[in-house]
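One structure below.
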Amino acid sequence: MSVRTTLGKNKNLLSAGLACLAVLAVVPPGAAGAAPAPQAEAHHRARHCITVLEKLAPGERTSRVVERKCTREGESLAQLRGRMAPRELLVKYWDGTYFDGDSDEIRGRDGGCDAGGYGVPDMGAFKNRVSSFRTFGTCNSVQLFDNPSYDGAQKTFEPPQWNPVQGANGLHPFDNRADSLWLRAV
């Protein structure tokens, strides 16, 4: 191959390379060959709620909901906490098996758990969705029920049945089945 042929080929390659660069300079980043951006509704952002309950009085079976708020679009859980008066955290449950996904923090207006505890006869938006939970403070017994108003099959989680962080995941046989719960100190 002569020097002239090699120079001609290199000149052609250089011209092709410059043409590609010119195209890339005109096309917006990510537009060439990029997959279309996912729709906002296709991406699930976890929704977090905080529910404040009143402690049960003797003979009562339902804790009165004092306040309930959930995160707004684009709001973090920390921002939601900032919008509410500080209350003692009793239990937090998630719809994900490993303490992730949508969550609800149950907080006590009247402090931690005692033997009477707090009763939630209807899990509302979390009905048949709880897959993991953690308890806090003096609340170390969680009784899950298959039906509203503490009816049907039930399972109780108490120490030492769960790990030291007072949490349970893989709630077999109650994964995504709980309709009501009772939270107390034992």
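The values are calculated or read from the model by the stated rules, or taken from the named source; none is laboratory data. The structure displayed is predicted, hence computed values, not measured ones. Cβ coordinates were reconstructed from backbone atoms using ideal geometry, including for glycine residues, and neighbour counts include every protein chain displayed. Keep in mind that these areas ignore ligands, DNA and RNA; they rest on the heavy atoms of the full protein, side chains included. Shrake-Rupley method; radii C 1.70, N 1.55, O 1.52, S 1.80 Å.
Within the set Glu158, Glu54, Glu105, Glu60, the sole residue that is within 14 Å of Arg184 (Cα to Cα) and touching a Phe, Trp or Tyr at 6+ places or on another chain (Cβ under 9 Å) turns out to be Glu54. Of all residues in region 81-98, those being closer than 13 Å to Ile50 by Cβ and either under 14 Å from the mean Cα position of the chain (by Cα) or acidic (Asp, Glu) (or both) number 4. A single entry from Ala19, Ala85, Ala34 fulfils the requirement of being farther than 19 Å from Asn140 by Cα, open to solvent by less than 80 Å² (accessible area, probe 1.4 Å) and at pLDDT 50 or above: Ala85. For region 112-124, residues that are open to solvent by less than 20 Å² (accessible area, probe 1.4 Å) and without any contact (Cβ under 8 Å) to a residue 60 or more places away in the chain total 1.
Considering only region 161-182, I want to know if a residue exists there that is closer than 19 Å to Thr51 by Cβ, within 14 Å of the chain's Cα centre (by Cα) and part of a strand (DSSP E or B). No, region 161-182 contains no residue that is closer than 19 Å to Thr51 by Cβ, within 14 Å of the chain's Cα centre (by Cα) and part of a strand (DSSP E or B). Scanning region 151-168 for residues that are among the polar types (S, T, N, Q), at pLDDT below 80 and open to solvent by 60 Å² or more (accessible area, probe 1.4 Å) yields Gln161, Asn163.
Matching residues to (1) over 12 Å from the mean Cα position of the chain (by Cα); (2) of a type in the set (Ser, Thr, Tyr); (3) surrounded by 19 or more Cβ atoms within 10 Å (Cβ to Cβ); (4) at pLDDT 95 or above:
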site: Leu56; (1), (2), (3), (4): yes, no, yes, no
site: Gly59; (1), (2), (3), (4): yes, no, no, no
site: Lys69; (1), (2), (3), (4): yes, no, no, yes
site: Gly74; (1), (2), (3), (4): yes, no, no, no
site: Leu77; (1), (2), (3), (4): no, no, no, no
site: Asp100; (1), (2), (3), (4): no, no, no, no
site: Glu105; (1), (2), (3), (4): no, no, yes, yes
site: Phe126; (1), (2), (3), (4): no, no, yes, no
site: Ser131; (1), (2), (3), (4): no, yes, yes, no
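The condition of being out of contact with any helix residue (DSSP H, G or I) (no Cβ under 9 Å at 6 or more places or on another chain) and under 17 Å from Ser180 (Cα atoms) does not hold for Ala85.
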